[in-house]
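I have placed the structure first, in the form of C-alpha cells, so that the comments after it can refer back to it.
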Amino acid sequence: MLLLNIVLFFVNVLESLLSFFLNSCIVSIHLKSLRNGMKKMSPSDLIQLVMGVTNVTMRGTLLVNTIELWHPIYYRKKIFHTMVVLTPFHLYFNYWLIAWLSTHYWTHITNLKHQIFVRIKRSFSSSVPHVLSLSAIVSLSISLPSIWCLDAGVSGQNSTSSSGISLTGFYFIPLACATICLSFSLILVSLIITTSSLLTHVRNMKQNGSGPGGSRVQAHVSAVRTMILLLLLSAIISTADLLIFNPQPTFPAFIYPIAWLILAFFPSLEASIIIQSSPKLRKMFLQRFCAGTVARNEDLQLE
C-alpha cells in the first residue's frame, strides 16, 4: 500500500501541472478577451471561464488531499474535514456547469419552433449568471452537511482514505444522487434535442438536393460530440465519487486510492474537452503555445 501511495502521489503531482496549465489557459484567454474591450461575455464563454476557475481550485484541493497522506493523523483529520466538503462541492458544481453548457448548445444551435423551446431560448442567455450562482449555492448546501458525518478511526480497509478517517451516516447521499441525476438528465435532454435537430437538418438538406455540409451541420456535430464526451466523463467521475464517499465501504482497500486518482484526472480531461470543442479556445491555444513549434518545423522543412 505504501508503494501504491508513492506512485499515486507522483502521478498526482505530474497531472496537477497539466491540469493547472490547461485550465489556466482557459481562464487567461477569456479574461484577455474582456481586457481587450469585450463588453459582455457570451453564455458559453462565461460558463467556460467558471469551469476553468472551478477546475483550478478543485485540482489544488485534490493535490492537498494527496499531500495529507504524509502528515500525522492530527493534521490528516483537519485536512480531511476540508476535503470532504470542497471535493463534493467542486464535483456537483461541475456537473451543473456541464449541464448548463449543454443547455446553451441546444438553445444556441437548434432552431425549434415550439413555444416552450422558444421561451427557453429567449430567457436562458440572460439568466446564465443567476443560474450559475444558484447552482453553486445548491452544490455547497449539499456538500456542507458532510462535515458532521465524519469519524476518526484507525486506518483500515473501511476508511475512505488512507488517513483512517471514515464517513458515518452519510444521510444526505440521496440528495447528492438526486443532484447528479438531475444534472445528467439536463445533459441527456440537451443531447437528444441537438441530435434530433442535426438529423432533421441533414434530412432537409438531402431533400433539397444539397450536400450534408455547411457550418450549421458542423456546429451540430461538434456540440453532440462534446456533450457525449462530457456525459461519459461525468458518469465515470460520479461513480468514483460515490465509491469514495460510500458510508459503508465494501470494496478492497486499493480501490479508494484509484478512485481518488480518477477524480484527480477530471479537471485536465474536462479542460481538454472544452478546449477542443471551442473554436475560439482551440485557435488561441494553438497560436499561443504551438506557433513556435510550427514555425520551427517549417524552418526545418525549408532547410
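The values are calculated or read from the model by the stated rules, or taken from the named source; none is laboratory data. Predicted model only: the values in this text are computed from it and were never measured. Because the Cβ atoms are built from the backbone with ideal geometry, glycine has one as well, and the counts that use them run over all protein chains shown. Note: accessible area is taken over every heavy atom of the protein model, side chains too, but ligands, DNA and RNA are not part of it. Shrake-Rupley method; radii C 1.70, N 1.55, O 1.52, S 1.80 Å.
Suppose we filter region 1-47 for residues that are modelled with pLDDT of 90 or more and on the phi > 0 side of the Ramachandran plot; how many remain?
Qualifying residue count for the region: 0.
Looking at region 12-65, which of its residues are more than 24 Å from residue 88 (Cβ to Cβ), of a type in the set (S, T, N, Q) and part of a helix (DSSP H, G or I)?
Residues satisfying the conditions are 28, 33, 44.
In region 76-116, what residues are in a helix (DSSP H, G or I), open to solvent by 20 Å² or more (accessible area, probe 1.4 Å), of a type outside the set (Lys, Arg) and modelled with pLDDT under 80?
79, 81, 82
What do you reckon, is residue 219 at pLDDT below 75 and in a helix (DSSP H, G or I)?
no
Those residues that are free of Cβ contacts under 8 Å to residues at least 24 places away in the same chain and more than 20 Å from residue 221 (Cα to Cα), I need them from region 84-116; list them, please.
Within region 84-116, 113, 114, 115, 116 qualify.
Do you know which of the residues in region 247-303 that are of a type in the set (S, T, N, Q) and modelled with pLDDT under 85 is nearest to residue 53 (Cα to Cα)?
Taking region 247-303 and keeping what is of a type in the set (S, T, N, Q), we get 248, 250, 268, 272, 276-278, 287, 293, 297, 301.
Then drop every residue that is not modelled with pLDDT under 85, which leaves 248, 250, 287, 293, 297, 301.
Working: 248: 33, 250: 35, 287: 22, 293: 28, 297: 34, 301: 40 Å.
Only one residue tops the list, namely 287.
Would you mind finding the one in 209, 214 that is open to solvent by 30 Å² or more (accessible area, probe 1.4 Å), more than 21 Å from residue 232 (Cβ to Cβ), modelled with pLDDT under 80 and in contact with a helix residue (DSSP H, G or I) (Cβ under 9 Å, 6 or more places away or on another chain)?
From the options 209, 214, the qualifying one is 214.
Which numbered condition trips up residue 191, out of (1) open to solvent by 50 Å² or more (accessible area, probe 1.4 Å); (2) closer than 16 Å to residue 99 by Cβ; (3) at pLDDT 90 or above?
Looking at each condition in turn, residue 191 falls short on (1).
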